[in-house]
Structures are given as structure tokens and as C-alpha cells.
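Read the structure below first, then the notes.
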Protein chains: 2
Amino acid sequence: MISQSPEGVDQLAVRLISQGSRFARTASRRAGEQRSLIALRVLANLQQEGDLRVGELARRETISQPAMTATVNRLEEDGLVARAADPADARAAIVRITDAGGAELEAFRMRAAAGVRPALEALGEDDLAVLGRAAALLQQLADRLNDR
Amino acid sequence: MISQSPEGVDQLAVRLISQGSRFARTASRRAGEQRSLIALRVLANLQQEGDLRVGELARRETISQPAMTATVNRLEEDGLVARAADPADARAAIVRITDAGGAELEAFRMRAAAGVRPALEALGEDDLAVLGRAAALLQQLADRLNDR
DNA sequence: GGAAAGTATATACACGGTCTATGTAAATCG
DNA sequence: CGATTTACATAGACCGTGTATATACTTTCC
């Protein structure tokens, strides 16, 4: 029996924040990742969604616009993304992922998967299904929190 | 049918890292949290486990010992934790949570819960159960990744 | 069509958070 | 008891992030 009382829901919120951040940090570190998780998420966004503006990237990842400008600068210096002028709006900077950026993203995915796989493989199918569904729910929740 | 092929498990690892970090950041920001998630996790650790050494805190949270020293310094400056000498080992510094630290932790929990509750309440019981189980699994996975 | 307001991005500056390398003191071991 | 190991702190460097502000462009409204 799952409690839907405020206490239950509130405890769940805190646990998800706390355990989500700890897991992401631990797993990323275990993958030997140098780049920030934000930078990797920017690459993933660009790969999935196509070219995006700096402001749109900042909005999606819930960091400030200057922070995103700095992130894009670092990625651009390393050749992982490229800036282009928006033909429809000369103020805007359109960010595009480069081939090198795609390769870097793929390399991270391999390293992360290799680092976490042993722990995941110890789980049963039921638990893997739970985690798969949870990943989708976390995305949905973050989207919803982001909208307002 | 859940695929247990390497591809499925590997994609799951990457999604959990990516969505876990994004959700934690988005929700924490929405709660208007100033303090870092690491600092909050330190307070939570101390509250749940009792007094802990600096090195033990660093090990649990998978950050370097100097980083944990700095985190404890900041918490100590704000009066949220206190250092004490270990009677059994004069090298060690035992960290204890103060009343103010407990209050701060509780305040964060309230803010975080209030921020996330609307999104959680839109979910059904099944999804809440999935998230509850997932939080426990993420903790277990992080523990396991941490052990080696 | 021109001034005022709004929007997209960049820059400046400050500080927190993290790392590696190293220092210091205490405990342990041979 | 001397050498090694352990626990923590300090030093120095750099990334990541925020707020405040500047710059350039676009939109709106007489």
C-alpha cells in the first residue's frame, strides 16, 4: 500500500533529489568524466533536438543564460559545438553540435555505461523496468517543473 | 518485455545519470535552494547516521577529502555543523550536526517538497510507487559503485 | 518612420565547488 | 624507536554558477 499522504509525497520529493544527485555524481565520477554533466546534457540536447539557441538551452537546463553562454564557449573552444548566426534574428546565436561533439558524447555514453553496467546487471528484470520507467518520469517531472 | 541486452542496460545507465542530474538541479533550483546539494547531503548523513569523520563523509559522497574539508568549513562557519576531537584518535575530526543545521535541513525539505509536490500529485499511485522504489534502487546503485 | 520598450546574447565580477599536490600531526608496525 | 601509514588541513588552480550590466538587434506604438 502506497501512501499518498502529503508526508509520503513530500518525503519522496526529497529522496529523489538527494539520491538522484548522488547517483549522477557517483556514476559520472566512476566513468572518469572530466566534462560537466551540464555540458554533456547540452550535447545530448543538440543531438536529439537539432540546433538550438543559447537561451533555449539555458531554459531547458534550468541554468542562467550567462552560465549557458560560458558552457557553450567552453564547448566551442574544444570544437564540440559551433555557433552560427540566426538568419531570422541577428541577435540570436544558433548552436550546432559538431562531428567531434557527437563523438565525445558517444564516448561518454560508452564510459558511463561501462562504469554502471556491473551494478545494473546485478539487478533483476523487475528492478530494471522500474528504473527505466523512473528515468522517463524524472524527465517528465523536470519538464513540468521547468514550465512554470 | 524488458530487454536485458547490453544496449538496453547501457542506455538505461546514461538516462539515469542524465535525467537524475537534471531533475535534482531543476527541483533544487525551484526550491530556491542556496546551499549545494552536497552540503545538504552532508547534513542529512549526519542526521541519519550520527557523528561522522570528515574522511568518512568524503567517501560516502564520492568527493575528495579536501573538497569535503571545504564543505564542512562552510557549514561550520554558518553554524550548521560543529567539529570535535575524536577521543580515540587525535588526528580525526568528528563532525556533528547542530540544532541550526537540523533546522536548515528541515527547511530545505519543506521547500523542496512544496516545489515538487504539484508535479508529483499529478501522477498516479503506480507512478509514485515506481519512483519510491527507484529512489531506493539509486541509493543502492550509488552505494555499490562507491564500494570499489 | 522614429522613439521607446523588449529581447538575445555577451561581458564583468564574485564566489562556491572541485581537483591534485603537499604539509602536519598522530597512530601503527616491524 | 624509527619508518610507514593514516587523517585532516592548506595551497593553488580552474570550472561552474549567479547577479548585474552592456551591446546589439527587433518589435511596438504613436
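What follows draws every value from the coordinates through simple rules; no lab data is involved. What you see is a predicted model; the values in this text were computed from it and never measured. Positions of Cβ are generated from backbone atoms using ideal geometry, with glycine treated the same way; all protein chains shown enter the neighbour counts.
What you get for the protein assembly as shown, charging only the Cβ of Lys and Arg (+1) and of Asp and Glu (-1), is a dipole of about 460 debye around the Cα centre. Averaged over the residues of A:34-42, the number of partner chain Cβ atoms lying within 10 Å of the residue Cβ comes to 2.
Ignoring everything except DSSP H segments at least 4 long, calculate the 222 nm mean residue ellipticity for chain B; use -39,500 (n - 2.57) per segment, divide by total residues, nearest 500. Kindly include the intermediate steps, with their values, before the conclusion.
Numbers: 6 runs with 105 residues, N = 148.
It lands at -24000 deg cm²/dmol.
Compared with the dominant principal axis of the Cα atoms in chain A, helix A:99-121 is inclined by about 10°.
Ranked highest first by the average count of other Cβ atoms within 10 Å around their residues, in what order do B:80-88, B:58-66 fall? Display every interim value, and only then the final one.
Values: B:80-88: 14.1, B:58-66: 15.9.
Result, highest mean Cβ count within 10 Å first: B:58-66, B:80-88.
The relative contact order of segment B:35-147, computed from alpha carbon pairs under 8 Å that lie at least 6 residues apart in sequence, is 24 percent.
The angle between the Cα long axis of helix A:65-77 and the main principal axis of chain A comes to about 70°, on a 0 to 90 degree scale. For the Cα atoms of chain A, what angle does the longest principal axis make with the long axis of helix A:125-147, in degrees from 0 to 90, nearest 10? Once rounded, the angle reads 50 degrees.
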